[in-house]
1. Could you list, in sequence order, the residues of segment 50-72 that are farther than 17 Å from PHE15 by Cα and part of a loop (DSSP other than H, G, I, E, B)?
2. Does PHE47 count as at pLDDT 90 or above, of a type outside the set (Lys, Arg) and in a loop (DSSP other than H, G, I, E, B)?
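The values are calculated or read from the model by the stated rules, or taken from the named source; none is laboratory data. For clarity, every value in this text was computed on a predicted model and none was experimentally measured.
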Amino acid sequence: MTVDKQTRASDEPRFDYNRQDVINQALVAFGQGTNFMRVQAKALRVFVHSANLTIDSRDLVERWGKVAVQVLERVRTMGRVAAAFAIEDARTYINDEDVLIAMRKVKLGSKSDYCDNNEGEGEEGGSEGAAPSDSP
C-alpha cells in the first residue's frame, strides 16, 4: 500500500506544548552542551529566568513545534560556551557569570530572531544576577 506525503503528514500526531515543556527541553539541551560539567543552582535560575523572558517575547510556546530544533541547538551551544569559560578558569563547575556571558555570545553569534535583544532584571534585581533574555 502506498501512502502519499499529504496523507502521512495529516496522520502525524500533533503535540500541544506548554511553557514547562519548552523549559524542560531547554534545560536538557543546556545540559547536553555542558557535557559532564556541574552547573551551580544560581546559574540554572539565571538560565530559566532568561528562558521565561524569551518565551514570552518570542511566542515560542505557540511556535515550538516549528522552531524547537533551531532554538535547542543554540541552547546546546550556550552550554558548551559556559563550560569553556569554566574550564578556562580551571573550575569544575559553571557559575551564573559563565551562563550570562555564554548567552550574550550565542545571541551575538546567532543573528536570529530566536534570541531576544532586551536585558531583563535578575531575581534579586540590579546588575548582580541580571539575566539577559537572550536565551532559548
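1. Passing the criteria: none in range.
2. Numbers: at pLDDT 90 or above: yes; of a type outside the set (Lys, Arg): yes; in a loop (DSSP other than H, G, I, E, B): no.
In short, no.
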